[in-house]
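The values are calculated or read from the model by the stated rules, or taken from the named source; none is laboratory data. Bear in mind the structure is a predicted one, so any value in this text is a computation, not a measurement. Glycine also receives a Cβ, built like all others from the backbone with ideal geometry; neighbour counts cover every protein chain displayed. What goes into the accessible areas is simple: the full protein's heavy atoms, side chains included, and nothing from ligands, DNA or RNA. Shrake-Rupley method; radii C 1.70, N 1.55, O 1.52, S 1.80 Å.
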Amino acid sequence: MTPGPTQVAENVRLARSEATTNPDLDVAFYDFYKETCEKTASLIGANDNSHRVYILSGEGILGLEAACASLTEKEDKVLVISNGIFGKGFADFVKMYGGIATIYEDDNKKAIDIMKLKEFLDENSDFKYATLVHCDTPSGVLNDIKSICNLLAEYGILSVVDSVSSAFGEEIDVLQSHIDILCMGSQKAMSAPPGLTMICLSDKAMVAMENRKTPVASFYANLMIFKTYYEDKWFPYTMPISDIYGLRAAVENIEKNKDFVKNHSIISKAVRIAIIASGLSLYLESGYSNTVTVINVPKEISDKEILNHMIKNYNIMIAGCFDYLAGKVIRIGHMGENANIEDIGNTLEALDKTLKHFKINLKADLKKEFIKALNN
Ligand SMILES: *Cc1c(COP(=O)(O)O)cnc(C)c1O
């Protein structure tokens, strides 16, 4: 019950065991790949002629690196919008490919303040592109990517959004939001195993890459190499066909569930209400993501004691954290297949019993408050 990788449905696991063909030579697989990309695009409001989705072989981080590798030329100015660990981390990729990163930092306990960002942009807008994170998973803070990317577009700045831990669990409308590059992963709300990156590119992003004066300093992380795969029936490298069979089943599971995003919102709200009613406290002050809840570790106990006790006695794995949040918070993921009442109820019950075991008194029963909040 961590914020990803998430549980994988049986039909996704079975799809991964289907007989395979040679994905380089089998023309039917090019159609299968293309349809899977198009179905993914539909889930994020990007199903039009000005956008394309590619599935890359590599875990979610590949998308972040590929976006920076493909856009950045030496001395390019890039705005790194940060209110968390992944936010700031983009600066490393920008610098790696020769860009100059300007980090814009906002309060780590709140969503990015749009008005403050606008004030900054009024003074400084000479950037080729900006990076930002939708849900910064270590703190769970959710940024309003629609407002931010529309704002960036007004200043002529391309946007690169890390939506790995929020895509499909949060509403995303790529077209309305003017997002130029959206990065997604297989192992979070999509609930396929780790190993695939899905990336959505706008025409503007394609033009920016085509207009480069210098070649991309990578083959694997060069997004242009996919441009004519379908017409040419030529993938830049052999596609992991079994992974993509699994992804397709996961995409179709989401397609069939019309309440998928709404369900994330209902469950996450009820979790937060239960946490507060129990007397525990949430790390964030605002900007709560629907995919992960981040809870302060009570001062009488360590995160390790909670996590180890839950695994050992209840066989339930939740997550601690890293970097500046190491030891300070625990995290419950409620994304994709994990976002169901039974599993979340069991997780809260185990957390409740664990805290009681360590003599921490809660003001209310976590699971009962969760169920009560669901019924309100
Ligand atoms: C999970 C995640 C990624 C992918 O990286 P991991 O190697 O799985 O940690 C990228 N960005 C965000 C915000 C994520 O939550």
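Quick notes on this one:
- Segment 1-103: trypsin sites (Lys or Arg not before Pro) falling in loop per DSSP and having at most 16 other Cβ within 10 Å: Lys74
- Under 21 Å from the Cα of Lys359 - lysines, other chains or at least 8 residues apart: Lys299, Lys304, Lys312, Lys328, Lys367, Lys368
- Euclidean distance of C-alpha centroids, segment 66-115 and segment 250-291, integer Å: 27 Å
- Lys363/Glu342 FRET efficiency (R0 25 Å; Cβ-Cβ; nearest 0.05): 0.55
- Mean separation of Cα contacts under 8 Å, 6 or more apart, over the residue count of the chain: relative contact order %: 23 percent
- Placing dummy labels 7 Å off each Cα toward the beta-carbon, the span from Lys372 to Lys95 is 5.0 nm.
- For the chain, share of DSSP beta bridges that run antiparallel, in % to the nearest 5: 55 percent
- Accessible area per residue in Å² at 1.4 Å probe, computed on segment 111-227: 34 Å²
- Qualifying aspartates and glutamates (Cα of each under 15 Å from Cα of Lys34; at least 8 residues distant if same chain): Asp24, Asp26, Asp48, Glu231, Asp232, Asp243, Glu252
- Distance (nanometres) between label positions extended 7 Å along Cα→Cβ at Asn49 and Glu75: 3.8 nm
- Normalised by the number of residues in segment 134-289, the mean separation of alpha-carbon contacts (under 8 Å, six or more apart) gives a relative contact order of 24 percent.
- Hits among lysines - C-alpha to C-alpha of Lys116 under 19 Å, sequence gap 8 or more where chains match: Lys88, Lys146
- Residues of the chain were split at every exposed loop site, defined as chymotrypsin sites (Phe, Trp or Tyr not before Pro) in a DSSP loop with at most 15 other C-beta atoms within 10 angstrom, and the longest piece left, sites excluded, is 1-154.
- Measuring nothing but protein heavy atoms, the accessible surface of the chain at 1.4 Å probe radius is 51 percent carbon and sulfur.
- Among Ser242, Ser218, Ser268: highest mean-square fluctuation, GNM of the chain, C-alpha pairs under 10 Å: Ser218
- Tilt relative to the chain, helix 303-314 - C-alpha long axis, 0 to 90 degrees, to 10: 80 degrees
- Nearest-ten-degree value, helix 85-96 long axis tilted from longest Cα axis of the chain: 30 degrees
- Under the criterion of Cα pairs below 8 Å and six or more residues apart, the relative contact order for segment 79-210 equals 19 percent.
- Segment 39-181 shape via C-alpha gyration tensor axes, a/c threshold 1.5: rounded
- Overall form of segment 3-61 per C-alpha gyration tensor (a/c, 1.5; a/b vs b/c): oblate
- Cα gyration tensor shape for the chain, rounded if a/c is under 1.5, else prolate or oblate: oblate
- Separation of the Asn124 and Ser286 label points, Cα + 7 Å toward Cβ, nm: 2.3 nm
- Within the listed set Leu152, Leu325, Leu79, the residue fluctuating most in the Gaussian network model of the chain (springs between alpha-carbon atoms under 10 angstrom) is Leu325.
- Over the chain, DSSP H runs of length four or greater, each weighted -39,500 (n - 2.57), average out per residue to a 222 nm ellipticity of -12500 deg cm²/dmol.
- Loop-located trypsin sites (Lys or Arg not before Pro) in segment 264-299, at most 15 other Cβ atoms within 10 Å (DSSP): Lys299
- Between helix 260-278 and the chain there is an angle of about 30 degrees, using the helix long axis and the longest principal axis of the Cα atoms.
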